[in-house]
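These notes concern the structure reproduced below.
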Amino acid sequence: MPVIPPPAPTLPAAMLCDMDGTLVDTEHQWLDTVAGFLREQGLAATDAVLADFAGAPVDDAARRLVHGYGVRCDVTRTAARLDRDFTARVASGVTVQPGALRLLDRARALGVPAALVTASERHVADLVLRTLGAHRFALSVTSGEAPRGKPHPDPYLAAAAGLGVDPADCLAVEDTPTGAAAALAAGCRLLAIPSVPGIAAGPRTAVVASLEDVDLADFPFAHPN
C-alpha cells in the first residue's frame, strides 16, 4: 500500500492577537494598577485576587471592585482612576514580548492578515501600536468598539467581520482565561501563551511557553479539523 502523505498545512485566514500580556508585557502593568488601587482602599491584593482581573476591560474591573470588593468609590470614578494610572504606566514605556514581532512579520510574509483585539481602551492601544508598528495590523478592535467585551466573543467576531473572514478559520493569540474564553466562544482556534493560570490545551487550543516557539507555517492547527 502506498503511503499517503498528510495534507499540506493550511494557514489561518487571519491571526487575531490580544495585546496586553500577549504581544507586550503590559498585563503586569495592568495588574499592578489594580493592586495599587486595592491597597489604597485597604484591601488585599493577593495573586488569587489579581488573577480575577487578568484580561478584564477597565469598566468590568471597576464594576468588580465596587460590587465584589466594596471599594469606597463609585464605578465611574473607579474606572477613571484605573484608566488614568494604567495609561500612565503604558506611556512610560512597554516591553515587546519575545517572538511577538517575528510572529507578526512572519504572518505578513505568508499573507496572513493580523488584527489587534484588545480589552484596553483605544488611547492605550494607540500608544502600544507606536511600539509594535501599526503597519503590522490590518485593523484593531479595542474596548467599547464591540457590543460586549471579553470574555464575550464580540471583539473577535468584530475583528473577523472587519477582515471578511470566518472566525472558525482564524487563529486567536491570547494569554488569559478571559481572552481565551472570548476567542473560543467566537469559534476561533487558539494559541495560548499563559500569563496567569487557567488555560488548558484542547482540541482547538494549543498552549506554548513563548511566541518564540511558534511558526505559522508549521502550526499544530494548520491541518483542517
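The values are calculated or read from the model by the stated rules, or taken from the named source; none is laboratory data. None of the values given here were measured: they were computed from a predicted structure. Positions of Cβ are backbone-derived with ideal geometry, glycine not excepted, and every protein chain shown enters the neighbour counts. Please note that ligands, DNA and RNA were not included when accessible areas were found on the heavy atoms of the full protein model with its side chains. Shrake-Rupley method; radii C 1.70, N 1.55, O 1.52, S 1.80 Å.
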* Which one of D59, D52 is on the phi < 0 side of the Ramachandran plot, open to solvent by 60 Å² or more (accessible area, probe 1.4 Å) and free of Cβ contacts under 8 Å to residues at least 24 places away in the same chain? -> D52
* Asked: Is it the case that the range 213-220 has a residue that's in contact with a helix residue (DSSP H, G or I) (Cβ under 8 Å, 6 or more places away or on another chain), in a loop (DSSP other than H, G, I, E, B) and over 14 Å from G55 (Cβ atoms)?
  -> yes
* Asked: Quick check: is even one residue across the range 119-126 under 21 Å from L184 (Cβ atoms), surrounded by 17 or more Cβ atoms within 10 Å (Cβ to Cβ), at pLDDT below 95 and polar (S, T, N, Q)?
  -> yes
* Asked: Among the residues of the range 90-114 satisfying the criterion of being in a loop (DSSP other than H, G, I, E, B) and surrounded by 17 or more Cβ atoms within 10 Å (Cβ to Cβ), which is nearest to the chain's Cα centre (by Cα)?
  -> Q97
* Asked: Among (1) over 21 Å from V208 (Cβ atoms); (2) assigned to a helix (DSSP H, G or I), which single condition is G42 missing?
  -> (2)
* Every residue from the range 130-186 that is open to solvent by 30 Å² or more (accessible area, probe 1.4 Å), among the β-branched types (V, I, T) and modelled with pLDDT of 95 or more -> V165
